[in-house]
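J.: This is the structure I have questions about; it appears just below.
The values are calculated or read from the model by the stated rules, or taken from the named source; none is laboratory data. Note that this is a predicted model, so its numbers are computed, not measured. Note that each Cβ is placed from the backbone with ideal geometry, even for glycine, and that neighbours are counted across all protein chains shown.
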Amino acid sequence: MHPLWNFLKTSAATALLLFAASTFSYAQQTLTVSLSGNSVNFNLTAGSANNPGNTSITATTVCSCFFQPVNVYAYFNNAASALTNAGFNIPSSAFQISNNGGAFQALTNTGVFGGAGAGIQLSNFFTIIGPFGRTHNDTMQFNINLTGGTLPNLPPGTYTGTLNIQAQAP
């Protein structure tokens, strides 16, 4: 084949690819997270490492981003007082999440959201074709481990707190 023909084919393919990329880069990009529930209850046993939540919650993340990584995080705003009751606290390090059937992990990481040492990255995924959206599910099980420090001596009561779930497409 003639070298000029090869050059023209390559140039046309490059121009088409650049046009497609520029078209997608101006498209509306959205990132949403929705939860299957908004409350988990625990029957706490003093000094026990096994205090499971009464239900699982699924976080569904939808991203209509083009060639974009997406990270999903769970976090509390304060590591020392993730759950609280009349001045008594359960730290985020005692709160554990099992994501999609994996091992339980405590919320002890410092991430892009939340308090220092109060979070965990649940998952990450990659989107390719943005306009059609990409859906990702994280099914979470919960546990509270009351074996460390002063936790075995916590008084009975209702401990409340807010676990935040947030996604980011950096």
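J.: Pull out all pairs, ordered by first then second residue, where Cβ-Cβ is under 7 Å, the residues are six or more apart or on different chains, the first lies in the range 157-170 and is farther than 16 Å from ILE90 by Cβ, and the second is part of a loop (DSSP other than H, G, I, E, B) and of a type in the set (A, V, I, L, M).
T.: GLN168/VAL112
J.: Do any residues in the range 25-43 that are assigned to a loop (DSSP other than H, G, I, E, B) have Cβ atoms under 8 Å from those of residues that are at pLDDT 90 or above and exposed (fewer than 10 other Cβ atoms within 10 Å of the Cβ), where the two are at least six apart or on different chains, and which pairs are they?
T.: Matching pairs, first to second residue: none at all.
J.: Continuing with the same structure: Cβ-Cβ distance below 8 Å, separation of 6 or more or different chains: which pairs start in the range 104-116 with a residue that is within 15 Å of PHE142 (Cβ to Cβ) and end on one that is aromatic (Phe, Trp, Tyr)?
T.: Hits for this filter: ALA106/PHE95; LEU107/TYR75; LEU107/PHE76; LEU107/PHE95.
J.: Then there's this: Limited to the range 96-137, what total is found for residues that are more than 19 Å from ASN78 (Cβ to Cβ), among the aliphatic types (A, V, I, L, M) and at pLDDT 95 or above?
T.: 2
J.: Quick check on my filter: what residues within the range 56-111 are touching a Ser or Thr at 6+ places or on another chain (Cβ under 9 Å), of a type in the set (Gly, Ala, Ser), farther than 22 Å from GLY157 by Cβ and in a loop (DSSP other than H, G, I, E, B)?
T.: Matches in the range 56-111: SER56, SER64, GLY101.
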